[in-house]
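First comes the structure, then the notes that go with it.
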Amino acid sequence: MQVINTIAGIKELKRNLKGTVGFVPTMGYLHAGHIALVKQAKAENDISAVSIFVNPTQFGPKEDFKTYPRDINRDLAMLEPYTDIVFIPADKEMYPAGYNTWVEVNEITDVLEGAVRPGHFKGVTTVVNKLFNIVQPDKAYFGQKDAQQAAVIKKMARDLNMPLEVVVCPTIREPDGLAMSSRNTYLTPEMRKGAPVLYQSLQKAKAMIEAGEKTVADIRREMTSMIIKETLATIEYISFADNETLKEIHTIKPPVLISMAVKFGKTRLIDNIVIK
Ligand code: PAF
């Protein structure tokens with residue numbers, strides 16, 4: 001495994017490499033969800049590459065950029081068995097003085113996470129575009145847990161004719177159903193105990209739809225009443241949307257993306273399922 005900190009270093013390395021590259025961009029503090037992406041990248045390509053970069057431009061002024069968990073040595077130990085190249089740039093390498101170019105996907109970034117976190121996706125698409133240009137992968141891997149991010153990146157790649165395939169991989173969950181996330185580490189033991197309610201409410205929605213329920217308002221009411229039983233949980237949104245356009249729907253017509261953001265204290269958890 002080669003660890004590289006500069007863009008010039010990656011370009012130099014790539015000049016001498018032959019074979020397809022599978023790439024997993026991350027912000028580090030890795031968990032089993034990231035490792036599943038890296039394993040898939042390794043299985044489907046000759047070379048697997050991972051970036052670790054906590055991207056300042058995708059955090060709002062009141063968000064957790066400074067406190068975002070970081071542990072490079074632990075990350076490197078987890079990556080070692082599956083990764084050929086790790087790119088860990090400094091902030092100034094990615095955004096040198098005078099940096100002022102942005103990549104934006106319109107419309108599908110205005111809803112859900114984009115509505116609550118203005119500017120977030122502009123930071124994501126800009127950094128992912130830069131990372132794609134630097135690493136030049138054949139395939140790039142993202143988790144379904146960040147469903148909107150995956151849809152936005154797919155759209156960016158399609159709209160800008162990027163010469164790569166965006167692969168979206170299933171959400172990896174803890175045994176009690178909580179979707180794995182680096183931010184789970186912020187939860188107190190009591191919050192952690194209540195956090196599986198997100199997935200439980202999604203499962204409830206799925207069961208209602210499978211039993212023939214079609215009215216979104218009725219399903220949302222059931223989900224809400226389940227979640228508010230967890231006294232530490234505050235619902236930010238529960239959305240039923242077309243899985244591609246992310247436009248809200250009122251009657252179930254698959255494929256439907258059911259997604260939610262729920263706060264436990266200051267920690268925002270997101271989760272989703274797709275009803276096919
Ligand atoms: O999902 C993430 O960890 C980040 O949004 C990403 C894709 C690495 C861009 O910074």
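Summary of values
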read-out: Mean-position separation - Cα centroids, region 65-84 and region 245-261, in angstrom; value: 34 Å
read-out: Candidates 211, 195, 233, ranked by Gaussian network fluctuation over the chain, Cα under 10 Å, top entry; value: 211
read-out: Selected from 249, 85, 108 as most flexible by GNM, with the chain as the system and alpha-carbon contacts under 10 Å; value: 249
read-out: Within region 179-276, GluC sites (Glu not before Pro) in DSSP loop having at most 13 other beta-carbon neighbours inside 10 Å; value: 244
read-out: Chymotrypsin sites (Phe, Trp or Tyr not before Pro) within region 100-137: DSSP coil, no more than 16 neighbouring Cβ in 10 Å; value: 102
read-out: Average Cα contact separation per residue, the chain, under 8 Å, 6 or more apart, as relative contact order %; value: 17 percent
read-out: Relative contact order of region 1-114, defined on C-alpha pairs under 8 angstrom at six or more residues apart (%); value: 35 percent
read-out: Charge context of residue 154, other residues only, Cβ under 13 angstrom, K/R +1, D/E -1; value: -1
read-out: Where trypsin sites (Lys or Arg not before Pro) fall in DSSP loop in region 13-45, at most 13 other Cβ within 10 Å; value: 18
read-out: Solvent-accessible area, 1.4 Å probe, carbon plus sulfur percent, for the chain; value: 52 percent
read-out: About the Cα centre, charge dipole magnitude for region 66-177 (Lys/Arg +1, Asp/Glu -1 at Cβ), debye; value: 200 debye
read-out: Accessible area per residue, Å², region 77-183 with all protein chains present, probe 1.4 Å; value: 46 Å²
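The values are calculated or read from the model by the stated rules, or taken from the named source; none is laboratory data. Fair warning: this is a prediction, and the values are worked out from it, not measured in the lab. Note that each Cβ is placed from the backbone with ideal geometry, even for glycine, and that neighbours are counted across all protein chains shown. Accessible surface areas use protein heavy atoms only, side chains included; no ligands, DNA or RNA. Shrake-Rupley method; radii C 1.70, N 1.55, O 1.52, S 1.80 Å.
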